[in-house]
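Each value in this text was obtained by applying a stated rule to the coordinates, not by laboratory testing. Note that the structure is a prediction, hence the values are computed from the model and not measured. All Cβ positions, glycine included, derive from the backbone under ideal geometry; neighbour counts span all protein chains shown.
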Amino acid sequence: MDLMSNMSERSIKTPETRIRHGRLKMLLIFAVCASPVLLGTLAYWFYRSDSTTNYGSFIEPQRQALGLEAFRGKWVMFTVDAPQCDEFCAKRLYLMRQLRLTQGKDKDRIERVLLLSEPGKAAFSTSGVESLEKVHEGMHQVYLTPDQRAQLLGTAAQAITTGKPPDKSIYLVDPLGHLMMRFPEDPDPSRMKKDLSKLLKWSRVG
């Protein structure tokens, strides 16, 4: 009788025991669900620390992409130019569009931004071509003041306000809002694609 009583007492879970077991199950479920994100994030930062494998130049010191907070959670390619988009501007916008399309199912993780050096609505300077909005549907136009651009690009405000031509590189912002990478002004598209593909593959962020 005492043996049966002891077995019954052991089989009965107290409220505290049930709570502990419930918490343990929740932690296990969270660990299983979060592991791909954590591993992907670690892999992304490992790639970022290995500067010998990339084509673009990592931005150091790391800083927030001020003025582009609206795109947090996405990868962002942007370039700076005047509203009157000349041939070189059009070439960079085309490259950004094609790079995004080459990422296949991951293309929706990427946003494109034309950062305007002057207020206004961007348009192609060459007459007789389709509108910029039609050719580059889905691309965003953002104007930042000279001081804001100086903060974003890490350049002296004086250099921007004294008529110096804007840096016409293509930049990459990560989903955490960090200005991450800069590509040359006349980049190699295949090498840019390789960098972008690796980052999207290794990162579960964005």
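Charge tally for Asp108 (other residues, Cβ to Cβ under 10 Å; Lys, Arg +1; Asp, Glu -1): +3. Using a cut-off of 27 Å between Cα atoms, the listed pairs Lys121/Lys194; Lys134/Lys198; Lys91/Lys121; Lys168/Lys193 include Lys121/Lys194; Lys134/Lys198 as exceeding that distance. Answer rounded, prolate or oblate for the stretch 57-202, using the Cα gyration tensor with square roots of eigenvalues a ≥ b ≥ c: rounded when a/c is under 1.5, else prolate when a/b is larger than b/c, else oblate. Taking the square roots of the gyration eigenvalues as a ≥ b ≥ c, the stretch 57-202 is oblate.
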